[in-house]
Amino acid sequence: MIHADLHVHTVYSSDSLIQPKTLVDQLVAHSFIKVAAVTDHDSVRGCKPTVELASAYPDILIIPGVEISTQDGDMLILGTEELPPRPWTPEAMVDYAKSIGGVSIVAHPYREYGMGDLARNYKVDAIEVLNGGSTASMNNQAKELAKSMGLPGTAGSDAHRLSELFSVNTKIDASLSVEGVLKAIKRGSLSAQVTRG
Ligand SMILES: [Zn+2]
């Protein structure tokens with residue numbers, strides 16, 4: 001089992017203060033969260049530097065990704081170090097993720113910039129059911145959405161500063177590899193949980 005924070009912003013998001021090195025250092029130091037996805041707003045510039053820094057440590061893993069602002073709301077794409085081609089419609093993002101062997105996830109559906117019930121219109125791979133920046137009731141609504149759509153539910157802190165990192169995590173039955181994690185998300189071998197201890 002691995003524990004992953006599947007939604008983290010670095011300084012390459014204009015509203016985040018987390019340096020790639022800080023994220024890597026925190027993964028190295030943490031007792032059980034050893035995987036994080038870099039998902040900056042409409043940018044993949046943070047992926048390469050973070051992946052490179054992490055490569056010095058065999059027991060941690062960075063999943064490159066992006067949080068795309070679609071017209072219906074925010075969507076996470078995991079498994080890409082490149083920006084998807086425009087237009088950034090939800091359908092195109094779902095197709096892009098499929099074409100690269102990545103994963104598409106509806107981010108915080110019931111918070112600001114979330115898709116809400118519109119998520120039902122798209123063939124995404126998963127729903128973010130536990131978002132560190134959402135209230136319990138928003139996350140519960142997201143859980144219901146995932147359940148009714150028959151989709152796996154992921155957890156991500158959505159951290160923009162150090163103190164917010166790893167507040168929640170996704171427990172995943174996978175080996176420590178990007179491909180392994182992405183496949184496990186798609187088949188739903190995971191559970192979302194609040195980080196304790
Ligand atoms: Zn975010």
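The values are calculated or read from the model by the stated rules, or taken from the named source; none is laboratory data. Since we're looking at a predicted model, the values are computed, not measured. Glycine gets a Cβ as well: all are built from the backbone with ideal geometry, and neighbour counts include every protein chain shown.
When Ala159, Ala142 are screened for being farther than 21 Å from Val51 by Cα, small (Gly, Ala, Ser) and touching a His at 6+ places or on another chain (Cβ under 9 Å), only Ala142 passes.
Pairs are defined by a Cβ separation below 6 Å, a sequence spacing of at least 6 or placement on different chains, a first member in region 183-197 that is without any contact (Cβ under 8 Å) to a residue 12 or more places away in the chain, and a second member that is surrounded by fewer than 19 Cβ atoms within 10 Å (Cβ to Cβ) and charged (D, E, K, R); no pair meets this definition.
Given (1) in contact (Cβ under 8 Å) with a residue 60 or more places away in the chain; (2) within 19 Å of Val178 (Cβ to Cβ); (3) outside any helix (DSSP H, G or I), identify the lone condition not met by Leu23. Of everything listed in (1) in contact (Cβ under 8 Å) with a residue 60 or more places away in the chain; (2) within 19 Å of Val178 (Cβ to Cβ); (3) outside any helix (DSSP H, G or I), Leu23 misses just condition (3). Looking only at region 1-32, residues that are within 14 Å of the chain's Cα centre (by Cα) and among the β-branched types (Val, Ile, Thr) come to 2 in all.
Restricting attention to region 14-39, the residues that are hydroxyl-bearing (Ser, Thr, Tyr) and closer than 12 Å to Ile62 by Cα add up to 1. Before we move on, is Thr10 hydroxyl-bearing (Ser, Thr, Tyr), within 16 Å of the ligand (Cβ to nearest atom) and in a strand (DSSP E or B)? When the stated conditions are applied, Thr10 does not pass them. Of the residues making up region 91-115, those that are in contact (Cβ under 8 Å) with a residue 24 or more places away in the chain and either away from the ligand (no atom under 16 Å from the Cβ) or hydroxyl-bearing (Ser, Thr, Tyr) (or both) are Glu91, Val94, Ala97, Gly101, Gly102, Ser104, Tyr110, Tyr113. On inspection, Ala155 does not qualify as in a helix (DSSP H, G or I), of a type in the set (Gly, Ala, Ser), under 19 Å from Leu6 (Cα atoms) and within 15 Å of the ligand (Cβ to nearest atom). Kindly evaluate Gly116 against the criterion of being within 16 Å of the chain's Cα centre (by Cα) and surrounded by 15 or more Cβ atoms within 10 Å (Cβ to Cβ). When the stated conditions are applied, Gly116 does not pass them. Looking only at residues of region 38-82 that are in a loop (DSSP other than H, G, I, E, B) and within 16 Å of the ligand (Cβ to nearest atom), we find that the one that is surrounded by the most Cβ atoms within 10 Å (Cβ to Cβ) is Gly46. Leu23: of a type outside the set (D, E, K, R), over 21 Å from Thr170 (Cα atoms) and either touching a Pro at 6+ places or on another chain (Cβ under 8 Å) or modelled with pLDDT of 95 or more (or both), yes or no? No, not satisfied. Pairs are defined by a Cβ separation below 6 Å, a sequence spacing of at least 6 or placement on different chains, a first member in region 52-77 that is touching a residue at least 12 places away in the same chain (Cβ under 8 Å) and more than 13 Å from Ser104 (Cβ to Cβ), and a second member that is within 16 Å of the ligand (Cβ to nearest atom) and in a loop (DSSP other than H, G, I, E, B); the pairs so defined are Ser69/Asp42.
Here Ser175 clears all of (1) outside any helix (DSSP H, G or I); (2) more than 16 Å from the ligand (Cβ to nearest atom); (3) surrounded by 15 or more Cβ atoms within 10 Å (Cβ to Cβ) except the condition numbered (3).
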